[in-house]
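Colleague: Handing you this structure, nothing more for now.
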Number of protein chains: 2
Amino acid sequence: MKYYGEVMSNLITELSRLPGIGLKSAQRLAFYIINMPEKNVGKLASAITEAKIKIKKCSVCNNISDSDPCVICSNTKRDIHTIMVVETPQDMASYERIKEFNGLYHVLNGVISPMAGIGPNEIDLQNLFTRLSSQNVSEVILATNPTVEGEATAMYIARMLKNFNIKTTRIAKGIPVGGDLEYVDEITLTQALNGRIEI
Amino acid sequence: MKYYGEVMSNLITELSRLPGIGLKSAQRLAFYIINMPEKNVGKLASAITEAKIKIKKCSVCNNISDSDPCVICSNTKRDIHTIMVVETPQDMASYERIKEFNGLYHVLNGVISPMAGIGPNEIDLQNLFTRLSSQNVSEVILATNPTVEGEATAMYIARMLKNFNIKTTRIAKGIPVGGDLEYVDEITLTQALNGRIEI
């Protein structure tokens, strides 16, 4: 990319380091950026540095946040007696978007995965157990993904929670709404059958 | 995106303003950025601001550049007697990548398009004619795209160049290498036939 000069080549290289952005997309973004109003470019650049500097993990729930505790943990309108355990902040965001859950979260930032060398100590579980001892929690909802690792993690947490005498639930597995039984995999079909509820 | 806090929401918003980046991709990029080493984040942010501040147009060929004249115009090893006229810096880059052309370029930054209200005065033609008068140019290669606008622009320039008594050529149109005659459109087939060369 020498033909664009060093500064432009540098920008294209830096952009192409981002995930899902190849050299062609990086070039397209770079051209867009140099044609943006200077004010907006400044805003983009400072949003990037500011995020890196200011965003830490919430000391209570482990969600990413620029304040501690995070916006959710510090919201007094939320039900502190229910904690939903999720794998990532993005999973938390998915539940926040539907506005159906008013409790608090606990973000594990990972799942137990022996294949990847991640055991119970590598994910943020100790913090969760400390919370359960100090807060008056009545229900823990396990909302890890229905994958092998997610299930193993949920099972592990459920077993540990037996000591706390707290109601432990797992989000339902079954046919996704709008799905077609014809195309749903066998395990999901089995789960949907086993998890059937009376109507 | 309030659940991530203001700083993260701001980063996601700024990223999602870029072309081809929706809210989901912006979120993915934002998470990647906050997990990048601080040094790399700084490099990315400064590459963005630096590009916006330093990149201008080359006063000779109109290519984008952080030096004036640009790297190509200031390269003394290039043949200053041949000028290839292209629509955009990206088109110039395409020809640079193949390393087959050693002349100079002239970047129009647009094409004549009456439908969009862009006439000959809106693209950088005057600069080209000034160059032709002052430099000792022996050939002008018209490499605008083979679209309606690109053709019209090439035709217009060719007509104007008659006054300069300079050899004017147009890049060949035909079947792309590796293409299949069965799937090539009729106009291209016609062009390929009319532009046939003796072997």
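Colleague: Give the residue that is farthest from B:Leu15 (Cα to Cα), with candidates limited to residues of segment A:5-23 that are more than 7 Å from every other protein chain (Cβ to nearest Cβ) and among the polar types (S, T, N, Q). I'd like the intermediate steps shown before the answer.
Modeller: Kept after step one, since they are more than 7 Å from every other protein chain (Cβ to nearest Cβ), are these residues of segment A:5-23: A:9, A:12-13, A:15-17, A:21-23.
In the following step, the residues that additionally are among the polar types (S, T, N, Q) were identified as A:9, A:13, A:16.
Values: A:Ser9: 20, A:Thr13: 17, A:Ser16: 14 Å.
Among residues in segment A:5-23 that are more than 7 Å from every other protein chain (Cβ to nearest Cβ) and among the polar types (S, T, N, Q), the one farthest from B:Leu15 (Cα to Cα) is A:Ser9.
Colleague: Pull up segment B:25-46, narrow it to residues that are among the charged types (D, E, K, R) and over 12 Å from A:Leu11 (Cα atoms), then point me to the one that is farthest from the other protein chains (Cβ to nearest Cβ).
Modeller: In the first step, residues of segment B:25-46 are kept if they are among the charged types (D, E, K, R); the result is B:28, B:38-39, B:43.
Applying the additional criterion that residues be over 12 Å from A:Leu11 (Cα atoms) yields B:28, B:38-39.
Values: B:Arg28: 7, B:Glu38: 6, B:Lys39: 10 Å.
Looking at residues that are among the charged types (D, E, K, R) and over 12 Å from A:Leu11 (Cα atoms), I get B:Lys39.
Colleague: Let me ask something additional. Applying the selection to segment B:171-199, what residues are open to solvent by less than 60 Å² (accessible area, probe 1.4 Å) and in contact (Cβ under 8 Å) with a residue 12 or more places away in the chain? If you could, list the steps in order and put the result at the bottom.
Modeller: Restricting attention to segment B:171-199, the residues satisfying the condition of being open to solvent by less than 60 Å² (accessible area, probe 1.4 Å) are B:171, B:174-175, B:179, B:184, B:188, B:192, B:195.
Correct list: B:Ile171, B:Gly174, B:Ile175, B:Thr188, B:Ala192, B:Gly195.
Colleague: Has segment B:175-192 got at least one residue that is in contact with a helix residue (DSSP H, G or I) (Cβ under 7 Å, 6 or more places away or on another chain) and closer than 24 Å to B:Leu104 by Cβ?
Modeller: no
Colleague: Also, quick follow-up: On the basis of being under 16 Å from A:Leu44 (Cβ atoms) and either crowded, with 17+ Cβ neighbours inside 10 Å or in contact with a Phe, Trp or Tyr (Cβ under 6 Å, 6 or more places away or on another chain) (or both), does B:Val41 make the cut? I'd like the intermediate steps shown before the answer.
Modeller: Working: under 16 Å from A:Leu44 (Cβ atoms): yes; either crowded, with 17+ Cβ neighbours inside 10 Å or in contact with a Phe, Trp or Tyr (Cβ under 6 Å, 6 or more places away or on another chain) (or both): yes.
Yes; evaluated as a whole, the condition is true for this residue.
Colleague: Being surrounded by 13 or more Cβ atoms within 10 Å (Cβ to Cβ) and among the aliphatic types (A, V, I, L, M) is the filter here, so list the residues in segment B:112-137 that pass it.
Modeller: Of everything in segment B:112-137, those that are surrounded by 13 or more Cβ atoms within 10 Å (Cβ to Cβ) and among the aliphatic types (A, V, I, L, M) turn out to be B:Ile112, B:Ile118, B:Ile123, B:Leu125, B:Leu128, B:Leu132, B:Val137.
Colleague: Check off (1) within 17 Å of the chain's Cα centre (by Cα); (2) without any contact (Cβ under 8 Å) to a residue 60 or more places away in the chain for A:Thr76 and give me the number that stays unchecked.
Modeller: The number of the failed condition is (1).
Colleague: Being within 10 Å of chain A (Cβ to nearest Cβ) and hydrophobic (A, V, I, L, M, F, W, C) is the filter; apply it to segment B:81-96 and report the residue that is surrounded by the most Cβ atoms within 10 Å (Cβ to Cβ).
Modeller: Once the filter is applied, the top-ranked residue is B:Met92.
Colleague: Okay, next question. Only one residue in B:Asn75, B:Asn102, B:Asn109 is open to solvent by 50 Å² or more (accessible area, probe 1.4 Å), more than 7 Å from every other protein chain (Cβ to nearest Cβ) and at positive phi, so which one is that?
Modeller: Details: B:Asn75 fails: at positive phi; B:Asn102 fails: at positive phi.
The match here is B:Asn109.
Colleague: Now for a separate question. Would you check which residues across segment A:93-128 are part of a helix (DSSP H, G or I) and acidic (Asp, Glu) and list them?
Modeller: Quick first cut of segment A:93-128, residues part of a helix (DSSP H, G or I) only: A:93-98, A:114-116, A:126-128.
Within segment A:93-128, just A:Glu96 meets the criteria.
Colleague: Further, regarding this structure: Only residues that are more than 7 Å from every other protein chain (Cβ to nearest Cβ) and open to solvent by 60 Å² or more (accessible area, probe 1.4 Å): list them for segment B:47-67, please. Explain how you work it out, then say what you get.
Modeller: To start, the set of residues in segment B:47-67 that are more than 7 Å from every other protein chain (Cβ to nearest Cβ) comprises B:53, B:56-63.
Correct list: B:Ile53, B:Lys56, B:Lys57, B:Ser59.
Colleague: Being part of a helix (DSSP H, G or I) and buried (at least 18 other Cβ atoms within 10 Å of the Cβ), is that true of even one residue in segment B:138-149?
Modeller: Yes, segment B:138-149 contains at least one residue that is part of a helix (DSSP H, G or I) and buried (at least 18 other Cβ atoms within 10 Å of the Cβ).
The values are calculated or read from the model by the stated rules, or taken from the named source; none is laboratory data. This structure is a prediction, so every number in the text was calculated from the model and none was measured. Neighbour counts are summed over all protein chains in view; Cβ atoms, including those assigned to glycine, are modelled from backbone coordinates with ideal geometry. With ligands, DNA and RNA removed, areas are computed over all heavy atoms of the protein, side chains included. Shrake-Rupley method; radii C 1.70, N 1.55, O 1.52, S 1.80 Å.
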